[in-house]
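What follows is a set of notes on a single structure, which appears directly below.
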Amino acid sequence: MIHLSNITKQHGSQLLFREASFQILPGTRSGLVGPNGAGKTSIFRIIVGEEEVDGGEITCAKKTTIGYFSQDVGDMAGRSALDEVMAGSAETMRLAGELKEMEAAMCEPLSDDGMAALLERYGTAQEEFEHRGGYDLDTRAQTVLTGLGIGPDRFHHPVESFSGGWKMRIALARILTLKPDVLLLDEPTNHLDVESIIWLEEWLAGEFDGALLMTSHDRAFMNRIVTRIVEVADKTVTTYGGNYDFYERERAVRREQLLSSHKRQQEMLAKEEEFIARFAARASHAAQVQSRVKKLEKIERIEIPAEERVVRFEFSAPPRSGDDVVVMDGLAKSWHLPDGREHPVFSGISGVIRRQNKVAVVGVNGAGKSTLLKVLAGQADATSGCAVLGANVELGYFSQHAMEVLDPRKTVFETVQEAMPLANIGVVRNLLGAFLFQGDSVDKRIENLSGGEKSRVVLATLLARPVNLLILDEPTNHLDIRSREILLDALQNFAGTVVLVSHDRHFLRQLVDRVFEIDHGEMRIYEGNYEYYLHKVHGEV
């Protein structure tokens, strides 16, 4: 369907990949992975023609429809949410109009040849219209929008009235409704809650029969969807059969094999070079020496790709809090609307968060999860009831807003050093290394960091402080899979109490031991881990 053959791409002085090849075949489900800056987005842009290659060629089967969802949704204005989604299928709608015109023409008197030509054009157009899913386009657009959390009551709201995160959902719905032959998805689960992610998984598995190439920081989502991994790293593209878990295992096996081969080659080269050095001056061995010199010149040297060093940071034990860390009694919260009305978020919430609990707060988008965390963290006042912190509780709070209060003029090192003023330079650097800031990157100014890098800085400063209660609102947003694993490891080893909201199911499965679900303004407590919660609520295993 789409073949990338021996492609080379360079950005300035940075070589992304050289003579790399892979294929996107009908019906395949592929995950695109690799470190930040390796060239994943360039692969997408090359496929859709937004970037050109410096060498090699791209071939695509005729009449292949490609749908590309990226994090840059562009301007949206002048349409309702539903109309915006339908507009993505402009060619399908054009075909619908053409079919109507031809149907009207068939009712008019025509010569036999004219009617035959019209019927042939009609058949061709109808075949393409059916291939594009034209007969259920309107139903599909409504189904996809609803699945992504925008229900019929909001179909006709102007797109300008939606926030950035909801516009991302509309842009995703637009691409899914297109139902292309090849679907390119760049981080489709960003800004989606768990319910929408599960719906998207089911839609891709049941409704979409085209080829898929996607990137995702959601490990569980990747594992459920893809059957092949395409890795962009070390200036090449490597394909692995299997999901993300298989890729991790297979990559480790291949690296071990490469290291063994490299060791054997180095031993062989050392022996040959020793022979050449020993007998280079002897005329009796001249022919043998020359033969071995030529042999060494022809040997292709095995190179070991650089592997990022994993730095472990031993966090000092936080001060011990009382056994009851947070006691909630009849907690309620309402927001005051501009028109003077009260919008109730939740009410009557009671319960106890105990020392060393790892609690997930879950619920559909808009249920009030972030609001509850704000109230617990003292960032918002309760309307009634109370949330009382226990004895000796030292609280640290993370939200997306926390990234905005970083001083843009300070460096990464200065920012983290401020959080641990008594620590020496080595300890600060070690903490930064654990959060993937190594070498010159510690001297980057905050204003030059990406969203994921800023998140890592804030999380590092939180864990550097002597806190024993962490309240984390979507700490995994903007983080890639490796950064999420680092944070997960840090929280698993954190001796204090954690309350968090996250839509990363792998993260929740590996961390939490209690679940608080907010549903229609009330809270239910599940005394078990995330698997237990899923089993109780959805019957999932």
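Structure above, values below:
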read-out: Which of THR139, THR227, THR371 has the fewest Cβ neighbours within 10 Å, and the rest in rising order; value: THR139, THR227, THR371
read-out: Span from the the stretch 253-303 Cα centroid across to the the stretch 379-406 one, whole angstrom; value: 64 Å
read-out: Backbone N under 11 Å from the ALA252 label point (7 Å along Cα→Cβ), restricted to the stretch 467-490; value: none
read-out: log10 of Debye I(q)/I(0), alpha-carbon scatterers only, for the stretch 247-298 at 0.15, 0.24, 0.27 Å⁻¹; value: -0.53, -0.85, -0.96
read-out: Of every Cα-Cα pair in the stretch 324-538, the percent that sits beyond 30 Å; value: 26 percent
read-out: Other-chain or far-sequence residues with amide H under 5 Å of MET523's (modelled H); value: none
read-out: At most 16 other Cβ within 10 Å, DSSP loop - GluC sites (Glu not before Pro), the stretch 216-307; value: GLU300, GLU303, GLU307
read-out: Alpha-carbon Debye profile of the stretch 147-255, log10 I(q)/I(0) at 0.17 Å⁻¹; value: -0.87
read-out: Simple Cβ-charge dipole of the chain, Lys/Arg +1 and Asp/Glu -1, about Cα centre, in debye nearest 20; value: 2480 debye
read-out: Charge-dipole axis of the chain as Lys and Arg at +1 and Asp and Glu at -1 on Cβ define it, positive-most pick from LEU137, SER260, ASN493; value: SER260
read-out: Principal axis box of the stretch 194-312, alpha-carbon based, largest edge first, Å; value: 79, 38, 19
read-out: Karplus (6.51, -1.76, 1.60) ³J(HN,Hα), θ = phi - 60°, over the stretch 355-367, in Hz, Gly and Pro reported as x; value: 4, 6, 5, 10, 9, 9, 9, 10, x, 5, 4, x, 6
read-out: Å³ per residue enclosed by the Cα convex hull of the stretch 70-151; value: 123 Å³
read-out: Where labels lie 7 Å past Cα in the beta-carbon direction, separation of THR146 and ARG301 in nm; value: 6.3 nm
read-out: Restricting the stretch 51-107 to GluC sites (Glu not before Pro) in coil, as DSSP defines it, with at most 11 other Cβ within 10 Å; value: GLU52
read-out: Relative contact order (%) - the chain, alpha-carbon pairs under 8 angstrom, separation at least six; value: 14 percent
read-out: Spread of Cα-to-Cα distances over 10 Å intervals beginning at zero, given as percent, for the stretch 1-152; value: 8, 26, 27, 23, 12, 3, 1
read-out: Scaled radius of gyration (Cα, divided by 2.2 N^0.38 Å) that the stretch 470-526 gives; value: 1.18
read-out: FRET efficiency estimate (nearest 0.05) - Cβ-Cβ, GLU51 to HIS285, R0 45 angstrom; value: 0.25
read-out: Neighbourhood net charge (12 Å Cβ-Cβ; Lys/Arg +1, Asp/Glu -1) for VAL501; value: -3
read-out: Span per principal axis, largest first, for the Cα atoms of the chain (Å); value: 100, 93, 46
read-out: Over the stretch 418-541: Rg over Rh, Cα atoms, Kirkwood Rh; value: 1.03
read-out: Dipole of the stretch 324-538 [Lys/Arg +1, Asp/Glu -1 at C-beta], most positive-end residue of ILE425, HIS336, LEU372; value: ILE425
read-out: Share of Cα-Cα pairs in the stretch 170-222 lying beyond 16 Å, as whole percent; value: 35 percent
read-out: Difference of contour (0.36 nm per residue) and Cα-Cα distance, ARG482 to SER350; value: 43.9 nm
read-out: The stretch 1-132, relative contact order [Cα under 8 Å, separation at least 6], %; value: 22 percent
read-out: Average projection area in nm² (convex hull over Cα atoms of the stretch 316-430, one quarter of hull surface); value: 10.0 nm²
read-out: Dipole magnitude of the stretch 324-538, debye to nearest 20 (Cβ charges: Lys/Arg +1, Asp/Glu -1, about Cα centre); value: 260 debye
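Where a number appears in this text, it was derived from the coordinates with a stated rule and is not lab data. The structure displayed is predicted, hence computed values, not measured ones. Cβ coordinates were reconstructed from backbone atoms using ideal geometry, including for glycine residues, and neighbour counts include every protein chain displayed.
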